[in-house]
Amino acid sequence: MVHKLAGALALGAALMLSTSAMAQDKRVVKYNADYDPIPLAGMEALIADFEAANPDIDIQLNNFDHEGYKTAIRNFLTTDPPDLANWYAGNRMAPFVSAGLFMDVSDVWADNGLDEALSSAAASMTQDGKKWGVPYTYYQWGIYYNRDAYKAAGVELPGEAGVTWDQFVANCEKFKAAGIDCITTGSKALWPVAGIFDYLSLRTNGYEWHMDLTAGKVAWTDDKTKAVFAEFAKIQPYVTANHAAIDWQDAAALLVQGKAAHYVMGNFAVGNFKEGGMTDENLGFMIFPEITPGLPRAEEAPTDTIHVTAGAKNPDDAKKFLAFVASADAQTKYNAAVNQLPTNKNSTVGEDPFLKAGFASLSNAYALAQFFDRDAPAEMAKAGMEGFQQFLVQPDQLDAILERLDQVRGQVYK
């Protein structure tokens, strides 16, 4: 049975629900989450399937609004922990692990073959050599491109493997000559430009270095950081000039209109592209090109996760549900409902070409970054994204930007 609760009433009401369920001789698993309506319906369907197969277990889903949940989780994990809680992978997970608030679920991974099935997400769920939750959905980032813009500029279309970095940069000059922005973005809200930076960082120095940077372990003035910006400088002249004044949807319109050739963006934007008139015929997708030869390919894939809390009263059944959610069939069903991607490589996706391309990209990735504003603390993320935006406008100010970011690093990571 699913119990949908919201706001401040959720925790108190959950106690009464727990008493009611126990009276029915069912073992209760309390699950706190923050689903929007469509994902909520998808999870309700999974819970119904699980309870049908396990009639002696009652999953009590207590659903919060997103913003309320960000505050609530910090309170309920210490004062009244449920058995399960939604959160995120990578560095967003790390503080709760370090504080002893999430339970080690390495046994769930080992007993269900998840190190193989969820291999691309394994690194982002690992801390101190242990697994601390299960990922159940994500979506890809990458480069979306307008085939008509390629034709208009007389540039050869990318092949199945995309293009090399040198080719990509060289093509930018051809697009410029044709009056087409090689890359568009809308950095008014800051976050879109972080996707470009993340990929340049991952492709220049690799996943581990990038995660160390976002964790404050690497100086922004480090030579390797400067190497990332050296690559950034190669494409800076070809980015939409007024990016700082427009939102991401405005930049999407430029791609749709053929005024821009490429957009580094998440798959959620495909709906906007198609609403604007693009089709599978003229909208393309490719993986961000390799920069440093031989680096394992990491991808940008914000990942939603479920965790057993350290204070769980019924950890055994909570782990049983965790294993169910991690299964290929459950992830196929849930992600079909929410139009995202299953993290289990043995799941299936529909015929949508962008979901298929994303599933292939992420299932075979070495590791997954979560996005700069998830991987870095809020204050560092804001300062970093302001720095990326400024660099695109004032590349000659790089040294000052990096010095400022390193000062913020010293304040944030104490």
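If you take the beta carbon distance between ASP280 and ALA152 as r and set R0 to 25 Å, what does 1/(1 + (r/R0)^6) give as a FRET efficiency, to the nearest 0.05?
For ASP280 and ALA152, the calculated efficiency is 0.85.
List the DSSP H helices in the chain whose Cα atoms stretch 18 Å or more along the helix axis and whose mean Kyte-Doolittle hydropathy is at least 1.6.
Helix filter hits for the chain: 9-23.
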task: Figure the gain on full extension for ASN364 and VAL169 (residue separation times 0.36 nm, minus the Cα-Cα span) and round it to one decimal in nm.
output: 67.6 nm
message: Taking the Cα of ALA48, stepping 7 Å toward and past its beta carbon, and measuring to each backbone N in segment 325-353: which are under 19 Å?
response: 325, 329-339
By average C-beta atoms within 10 angstrom, highest first, the peptides 365-371, 336-342: 365-371, 336-342
- prompt: Using a basic spin-label model with each label point 7 Å from the Cα along Cα→Cβ, how many nm lie between ASP128 and THR221?
  reply: 3.4
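How much FRET efficiency would the formula 1/(1 + (r/R0)^6) give for LEU295 and GLN236, where r is the Cβ-Cβ distance and R0 is 25 Å, rounded to 0.05? Numbers along the way, then the final one.
Values: r = 22 Å, r/R0 = 0.89.
Using R0 = 25 Å, I get an efficiency of 0.70.
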- prompt: Rounded to the nearest 500 deg cm²/dmol, what is the calculated helix-only ellipticity per residue at 222 nm for the chain, with -39500 (n - 2.57) per DSSP H run of length n ≥ 4?
  reply: -14500 deg cm²/dmol
- request: Within segment 157-234, report the trypsin sites (Lys or Arg not before Pro) that DSSP leaves as loop and that have at most 12 other Cβ atoms within 10 Å.
  value: LYS217
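Using the structure shown, select from LYS70/LYS414; LYS217/LYS414; LYS174/LYS224; LYS259/LYS356; LYS70/LYS319; LYS274/LYS356 the pairs with a Cα to Cα distance greater than 19 angstrom. Numbers along the way, then the final one.
On the way: LYS70/LYS414 22 Å; LYS217/LYS414 11 Å; LYS174/LYS224 29 Å; LYS259/LYS356 27 Å; LYS70/LYS319 23 Å; LYS274/LYS356 17 Å.
Checking Cα-Cα distances, LYS70/LYS414; LYS174/LYS224; LYS259/LYS356; LYS70/LYS319 exceed 19 Å.
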message: With both bridge residues required to lie in the chain, what share of the DSSP beta bridges run antiparallel, to the nearest 5%?
response: 60
- prompt: Using r as the Cβ-Cβ distance of LYS356 and THR79, and R0 as 60 Å, what FRET efficiency do you calculate, to the nearest 0.05?
  reply: 0.85
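With an 8 Å cut-off on Cα pairs and a minimum separation of 6 or more residues, tell me the relative contact order of the chain in percent.
Numbers: 760 pairs, mean separation 104.8, N = 414.
Over the chain, the number comes to 25 percent.
For PHE268 and ASP115 in the same chain, what is the full-extension length gain: residue separation times 0.36 nm, less their Cα-Cα distance, in nm?
On the way: separation 153, 0.36 × 153 = 55.08 nm, distance 2.74 nm.
Between PHE268 and ASP115, full extension yields 52.3 nm more.
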task: For segment 286-355, run through the trypsin sites (Lys or Arg not before Pro) and keep only the ones in DSSP coil with at most 15 other Cβ atoms within 10 Å of their Cβ.
output: LYS313
GNM top mover of SER120, SER98, SER361 - the chain, alpha-carbon springs below 10 Å: SER98
- request: State the percent of C-alpha pairs, over all pairs in segment 257-384, separated by a distance greater than 23 angstrom.
  value: 49
- prompt: Once fully extended, how much extra length lies between LYS176 and THR348, figured as 0.36 nm per residue of separation less the alpha-carbon to alpha-carbon distance?
  reply: 57.9 nm
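None of the figures in this text is laboratory data; all of them are computed from the coordinates on show. Predicted model, so just to flag it, every value in this text is computed and none were measured. Glycine gets a Cβ as well: all are built from the backbone with ideal geometry, and neighbour counts include every protein chain shown.
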